[in-house]
Amino acid sequence: MIGAPAAAVGGLNVNAGSGDFMSSSHDTAHASDHDAAHDLPHEGPIRTPKQLIWAVLASFVVPIIAIILLVNYVNFGAKPSAGSTGLGAEAVAQRLQRVGSVEVRDAATMVLRTGEQVFQGACTACHTSGAAGAPKVGDVAAWGPRIKTGYDMLLTSALKGKGAMGAQGGGDYSDVEIGRAVVYMTNQAGAKFDVPNPPAAAASAPN
């Protein structure tokens with residue numbers, strides 16, 4: 001009876017030692033699994049050279065596309081600043097229009113102005129007041145020496161200019177109209193010049 005508890009106690013001791021051994025074995029196995037997990041190779045999303053090439057291309061292409069889209073968004077529907085019409089269709093057309101133009105006149109069909117009309121439009125400023133030494137209309141003394149040079153010489157002086165008088169040829173009036181103004185002024189000072197007509201009209205006029 002006295003040895004039984006000892007055996008029981010001995011049994012408990014044996015059982016307790018066995019439990020400690022099992023717990024220690026479990027902890028060792030868990031540590032081994034944890035170390036094995038850490039020993040596995042660490043792999044990223046890029047595993048092949050092809051994936052690496054695509055990743056590099058994407059790193060260049062994607063920002064470029066984003067910049068292009070941003071620029072298009074900013075420039076979309078660009079409008080001129082307030083109060084400015086410089087980009088309007090009419091303003092652009094005006095800047096592109098020709099600097100000059102050539103007008104071809106048919107002397108046979110156009111209506112010529114009279115000598116008096118040309119005088120009022122181009123000659124009266126000087127030949128009425130005598131400005132810059134111009135002979136006044138009706139001044140026989142001033143026109144006499146000039147009339148003696150003949151109509152052709154007077155017309156040439158008017159067309160090409162002489163002294164303070166600028167050239168009248170190639171302006172708003174034809175050569176025939178300038179000639180009519182010369183005849184208008186000189187005939188009032190005693191000349192007997194005929195009123196000039198266009199060449200075609202002169203050729204068809206009866207002899």
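Computed extension gain for D152 through E116, at 0.36 nm per residue and net of the alpha carbon distance, reaches 11.1 nm.
Diffusion coefficient of region 115-194 by Stokes-Einstein, Kirkwood radius over Cα pairs, 37 °C, 0.692 mPa s: 267 µm²/s.
With θ taken as phi - 60° and the Karplus curve 6.51 cos²θ - 1.76 cosθ + 1.60 applied, the whole-hertz 3J(HN,Hα) list for region 121-130 is x, 10, 10, 5, 4, 9, 7, 8, 9, x Hz, x standing for glycine and proline. The local environment of G130, defined by Cβ-Cβ distances under 9 Å, has a net charge of 0 under the rule Lys, Arg +1 and Asp, Glu -1.
The numbers here are math on the coordinates, done by the rules we state, and not lab data. Bear in mind the structure is a predicted one, so any value in this text is a computation, not a measurement. Every residue, glycine among them, receives a Cβ derived from its backbone with ideal geometry; neighbour counts consider all protein chains shown.
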